[in-house]
1. Looking at this model, which pairs from LYS46/LYS164; LYS60/LYS163; LYS46/LYS128 are more than 27 angstrom apart at the alpha-carbon?
2. Students often forget the sequence filter, so: which aspartates and glutamates lie under 13 Å Cα-Cα from LYS84 once same-chain residues fewer than 8 apart are removed?
3. Once phi is turned into ³J(HN,Hα) by the Karplus curve 6.51 cos²θ - 1.76 cosθ + 1.60 with θ = phi - 60°, what whole-Hz value does each residue of the range 120-125 show in order, with x for glycine and proline?
4. Under the rule of at least 5 residues apart or a separate chain, name every residue whose amide H is placed under 5 Å from the amide H of ILE50.
Amino acid sequence: MPAAATSSSTNQTSAITEYGALMQPPNLLLEDVMTVSNVDHSRFDKVGRITLESQETSTKLEYDVYTELYPVEVGESLHIVMLKTLALGEKLESYAQHDKRVLGANIADKFGYVTYGTCYERSQKDGKTTVHISFGGLLMRATSEDTHLRGINLDDRVYCLVKKDDLVS
């Protein structure tokens, strides 16, 4: 089962309470509070490749973030949630269906930065799984124990929801 992050954040608690069914496997692929250990702008001015390390597990992420829109700094704690869908019972087949005017209120409203992409590579070695996800050209590499990433398979569509978790030490 994915690692559950713990926090005293009111928004995190309200998101889990209000959207409880969404925040359960098999829809919940990963949930963790992670610390930003590096922000690399060497390739692009407006996009930073951030390196994140879990505060609870051995999960590590490298994630391209449009930092002009969502600034991130070393040392910040981020609440990361990966989901298969934003609305249970809905099968979103078109990019237009992700529009808030079509989808209505959903769990993404509780987060500051949301991306939607496809897992294009998955590998396992020595009890660790690595998944590579492309969010329209912004890339992510997630590495963790097999049990934490077992729900993400090749060609799966994945939402990554991010918010700053200032109340986590």
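1. Numbers: LYS46/LYS164 19 Å; LYS60/LYS163 17 Å; LYS46/LYS128 32 Å.
The answer is LYS46/LYS128.
2. In chain and number order, the partners are GLU31, GLU93, ASP155, ASP156.
3. 10, 7, 9, 9, 10, 7
4. When sequence neighbours closer than 5 places are left aside, the close amide H contacts are ASP40, TYR63, ASP64, VAL65.
Readers should treat all values here as calculations from the given coordinates under stated rules, not as data from a laboratory. Because the structure is predicted, anything quoted here is derived from the model rather than measured.
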